[in-house]
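Encoded as structure tokens, the structure appears first; notes follow it.
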Amino acid sequence: MLKWLDEPFENEVDGHGAPLFRKDRVGIFDATNSTRARRDWVLKECTDVVKRAGKTTGVVFVESICDDEELLRENYRTKMSNSPDYKDMDPEKAMSDLLDRVKKYEEAYETIDDDSKSYIKIFNLSSKILVNHIYGRMAKSIVPALMAWNIGTRPVFICRAGQTMNESDRASLNCRLSRGENLGEHGKNFRDELFNFMRDECLEFMRRRKEKIAFSPDMNTGTSISGLVNQFSRDVSESGHEVDEEYVGADGITPLPFPCHIMTSTMPRARQTVEWENYPYPVEMLSNLNPLDKGDFTGQELEESAEENPEWYSRLVADPFHTRFPGGECYADLMSRLESIVVDIEQQVGPVLVVSHVSVLQALVSYFRNSPIEECTNIALPLNMVLKFTPSKGGGWQESQHHLISSPTPSQCGDCDASNTNYDMVSPVHRPSMRTPVGSHVEITTGMGSPPSVISPMAAPPIWGDHLRRKDSGAFNPHNCRNTL
């Protein structure tokens, strides 16, 4: 099977100084290229000067080698549970048939040993990696990603930072929402509920891991048992055997109730969202997770920017993903600074929590949903909601939405989505949470199959944010909006 991926690449600017993007195509040929002759044919087809005239195509072969019996058995079980070939078949017979197939495959298999070709060899799911003639973007991005991906069933949680001061307080101080604001009352409530939620989820993960319900690598994977052991875990005895886990805080002393790798932006409200009393969890504060830089429009609402620079706003409406804020960033820029974040998340073997902001989380959600990144500006991410992503059988991620506390009322709302209320349910989601089409009234809808939506009598802005503010009359006032990127 050949799957093509379009990759945006910025290479010049137009007459207005705006970036022009072209799309490079990356083809993934997922096939049994297990012989030298087969690989030579693939290389010839892709580089033929006649067939590929004007379409230069580079070829990199990726070979996965596994001789770890535990990993092999887990892979066999996954294959048996997902393949229609083994549906309703006795497990022992299915395993016997699969092992026979593997043996025949091994007899015809020829490993890559031609050093004139570009290749990447992965041993035991990235325990070891060998590269040959790999340069540029492949070395910077693809190799780290291949090393990070693993088949563990650890959950990934993402949420926005808690709410800051409420609207009335901000009005009394005559100030706009600033990057340096601290958590307000509702933000602190969310922080406390987030701890309770993470405790329950992570302890359930550890229970399933201990009872072998779900596959999970050793929590010390990627560490040297004879040298530096994972500072977060004490689940290996002096003999090297796994024992009951014990987790310690950043101070190296305080016991922690559950394991979790926590990453936040450098914004105070994000860091404070995971400042759980008496539990000094190690937290990575990363500027890569900071909100989209709005440049000259920092501190302005999107509607104000439109009034100030209608020409720029028209370009934003036409292409919200690639249109850069003057002196700032565009959504396409987020892709570059979030690459290392995705690699860091993927390489974890235990639970992960990311606390960031709308623009950054929209890009991350698009990655986990495998939805077009250019459409991420439409993804809705209300306050006080946690998205949980868990690896699903056969690839991809399964998503559920968890609304921890009710959103505040409009009079209480600061950095919030005041039009959504009563988030006290868990919503399994099988499609993106997108802005709904324009309607004739403000309407709150909730359901197990789709997240809450808001319908406005005005055309929705090109970038989703906490735009809508419900007045007592139910009418939409464009001058009473908030766009929190």
statement: Looks like region 48-190, by Cα gyration tensor root eigenvalues a ≥ b ≥ c and the a/c under 1.5 rounded cutoff (else prolate when a/b is bigger than b/c, oblate otherwise), is oblate
query: By per-residue mean of other Cβ atoms within 10 Å, what is the highest-first order of 323-330, 196-203, 109-116?
result: 323-330, 196-203, 109-116
query: Hey, can you rank 76-83, 96-103 by average C-beta count inside 10 Å, highest first?
result: 76-83, 96-103
- line: Amide H contacts under 5 Å for residue 164, restricted to residues at least 5 apart in sequence or on another chain and with H modeled in the peptide plane, are 184, 415
field: Cα-based reach from residue 104 at 23 Å (exclusive), listing lysines while leaving out same-chain residues under 8 positions away
entry: 79, 87, 93, 121
message: Checking the table 51/117; 210/388; 128/388 against a 23 Å threshold on Cα-Cα, which pairs fail?
response: 128/388
message: Please list 3J(HN,Hα) in residue order for region 28-34, calculated via the Karplus relation 6.51 cos²θ - 1.76 cosθ + 1.60 where θ = phi - 60°; whole Hz, with x for glycine and proline.
response: 10, 9, 8, 8, 8, 8, 9
task: Please sort 368-381, 249-262 by packing, taking for each peptide the average over its residues of neighbouring beta carbons within 10 angstrom, highest first.
output: 368-381, 249-262
- request: Would you mind telling me the share, in percent, of accessible area of region 26-81 contributed by carbon and sulfur at probe 1.4 angstrom?
  value: 52 percent
query: Rounded to the nearest whole Å², what accessible area per residue is found for region 47-198 with the 1.4 Å probe?
result: 61 Å²
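The values are calculated or read from the model by the stated rules, or taken from the named source; none is laboratory data. What you see is a predicted model, and the numbers here were worked out from it, not measured in a lab. Backbone-built Cβ (ideal geometry, glycine too); neighbour counts: all protein chains shown. These accessible areas exclude ligands, DNA and RNA; they are computed on the full protein's heavy atoms, side chains included. Shrake-Rupley method; radii C 1.70, N 1.55, O 1.52, S 1.80 Å.
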